[in-house]
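Visitor: Provided herewith is a single structure, encoded as structure tokens, for subsequent inquiry.
The values are calculated or read from the model by the stated rules, or taken from the named source; none is laboratory data. Here the structure is a predicted model, which means the values were calculated and not measured. FYI the Cβ positions are ideal-geometry reconstructions off the backbone, even for glycines, and counts take in every protein chain you see. Heads up: the accessible areas ignore ligands, DNA and RNA and are worked out on the full protein's heavy atoms, side chains in. Shrake-Rupley method; radii C 1.70, N 1.55, O 1.52, S 1.80 Å.
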Amino acid sequence: MVGGFRVSQAIHVAAELGISDLLSGGPLSADELAARARAHPRSLYRLLRALSTVGVYEELPDGRFRSTAIGEALRSDAPDSLTGWARLVGRPYFWQAWSALGHSVRTGENAFRSVYGEDVWSYRAARPEESEIFDGAMTALASTDVASVMDAYDFGRFDTIADIGGGRGAFLAAILDRWPHLTGVLTDQAHVVAGAPKLLEAAGVAQRCRIEAGSFFDAVPTDADAYVLKSVIHDWADEDSVRILATCRRDMPADAVVLLVERVLTGLNQNPVGAFSDLNMLVAPGGQERTEDEYRSLLASAGLSHVRTTVSSSGYAVVEAVRA
């Protein structure tokens, strides 16, 4: 566990080099991979050897390497590809923020801001390359658990779904694909939704989805009957979360619902994915993962009333609310 950062960084480098894509046609030697990935042959061999010991790749007796089921998840064309997420977690700025975790624990302050003097959103907005990598990571994560969420919750009972802070639209595209009668509205910052048309076209749902650039602190669409916020509220501290939810309450029709798709913390000594995601919120954006009672409190502060919480097999839950 102490050395886990080394595995994480090795996976990050393999993702950056596109090793799993290069192995999609069959086993290759380290020299062949190095030539195609523009890497140092001996050093790449050492990386692949290390990753083979933890099951990402497999070293064959003839010296070639092939991908395993785990390695296949790093292919850019895999259905649940984690390439985007692997590329993000190894970025230097991301690591530097985590190096200040102790500062956050001692003071309660956001680690990223303590290191860089600004919030993570401003930092990435000023650096298009980092913003692009982050958006790719969010697209990857949106795709990973979407099927389990849709199996658990019936989005098909609505007519128009607004995905608030929906990134490039991966989650909304999956919903529209599952329920062909639905129309959608995707909202996020302008530089984020700039990448949405290509994704929506590829998913075959572009004709049923309009895109609106803007900030959820200012306004949201006024013509939907369901307002989905997936992995949005956990990015923000309570005060800002209430502001976002209050904007939804103000602008949505009287009979519409708000659907928070989040990892809801439950039980003692459980859910390491959620608990460590909570630390990531402390380090990077400054938010937190929450229990069901904490979400109830947030919703109430924004003039919304909790209706039910539906938990999916992946651990993500849909927290449903209406106007109080």
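Visitor: Tell me the net charge near residue 304. Cut-off is 9 Å between Cβ atoms, residue 304 excluded, with +1 for each Lys or Arg and -1 for each Asp or Glu.
Guide: Numbers: positive: 249, 323; negative: none.
My count for the surroundings of residue 304 gives +2.
Visitor: Oh, and also: Using only the Cα atoms of the stretch 161-211, what semi-axes does the equivalent ellipsoid have when each is the square root of 5 times a gyration tensor eigenvalue? Give whole Å, largest first.
Guide: Its equivalent ellipsoid spans semi-axes of 16, 11, 8 Å.
Visitor: Give me P(r) over the stretch 21-117, computed from all C-alpha to C-alpha distances, binned every 10 Å, as integer percentages.
Guide: Computed distribution, short to long bins: 15, 34, 24, 19, 8, 0.
Visitor: In Å³ and rounded to a whole number, note down the convex hull volume per residue for the Cα atoms of the stretch 260-324.
Guide: On the way: hull volume 5.5 nm³, N = 65.
Measuring per residue, one finds 85 Å³ for the Cα hull of the stretch 260-324.
Visitor: Take the chain, connect every pair of alpha-carbon atoms lying under 10 Å apart with a spring to form a Gaussian network, then pick out the residue of 205, 283, 54 with the largest mean-square fluctuation.
Guide: 54
Visitor: Got the relative contact order for the chain handy, in percent, Cα pairs under 8 Å and 6 or more residues apart?
Guide: Once normalised by length, the contact order is 14 percent.
Visitor: Taking all pairs of distinct Cα atoms, average 1/r, flip it, and tell me the Kirkwood hydrodynamic radius of the stretch 173-286 in Å to one decimal place.
Guide: Numbers: mean 1/r = 0.0632 Å⁻¹.
Roughly 15.8 Å, rounded to one decimal.
Visitor: A further question follows. Suppose a student asked you for the relative contact order of the stretch 1-134, using Cα pairs under 8 Å spaced at least 6 residues apart; what percent would you report?
Guide: Relative contact order comes out at 20 percent.
Visitor: Which value at 222 nm does the chain reach when only helices count, each DSSP H run of 4 or more adding -39,500 (n - 2.57), with the total divided by all residues and rounded to the nearest 500 deg cm²/dmol?
Guide: Values: 18 runs with 157 residues, N = 324.
Estimated from H runs of four or more residues: -13500 deg cm²/dmol.
Visitor: Follow-up question, since we're still on this one. Springs between alpha-carbon pairs under 10 angstrom, Gaussian network model over the chain: which of 184, 108, 90 fluctuates most?
Guide: 108
Visitor: Mind listing which chymotrypsin sites (Phe, Trp or Tyr not before Pro) in the stretch 147-224 are in a DSSP loop and have 13 or fewer other Cβ atoms within 10 Å?
Guide: For chymotrypsin sites (Phe, Trp or Tyr not before Pro) across the stretch 147-224 that sit outside H, G, I, E and B with at most 13 neighbouring Cβ atoms in 10 Å, the list reads 217.
Visitor: Roughly how many whole Å is it from the C-alpha centroid of the stretch 145-161 to that of the stretch 1-47?
Guide: For the stretch 145-161 versus the stretch 1-47, the Cα centre distance is 37 Å.
Visitor: Could you please state, rounded to a whole Å, how far the C-alpha centre of the stretch 53-92 is from the C-alpha centre of the stretch 184-207?
Guide: 28
Visitor: Counting C-alpha atoms alone, how compact is the chain: give Rg to one decimal and Dmax as a whole number, in angstrom.
Guide: For the chain, the Cα-based Rg and Dmax read 20.8, 67 Å.
Visitor: What is the sum of charges around residue 174, taking Lys and Arg as +1, Asp and Glu as -1, for the other residues whose C-beta is under 15 Å from the C-beta of residue 174?
Guide: Around residue 174, the charge tally is -3.
Visitor: Which percent of the accessible area of the chain is formed by carbon and sulfur heavy atoms (probe 1.4 angstrom)?
Guide: Answer for the chain is 52 percent, counting heavy atoms of protein chains only.
Visitor: Related question: Report the local net charge at residue 245: Lys and Arg +1, Asp and Glu -1, summed over other residues whose C-beta lies under 15 Å from its C-beta. Working shown, then result.
Guide: Details: positive: 230, 243, 249, 250, 290, 296, 323; negative: 218, 235, 238, 239, 240, 251, 262, 294, 320.
With Lys, Arg at +1 and Asp, Glu at -1, the net is -2.
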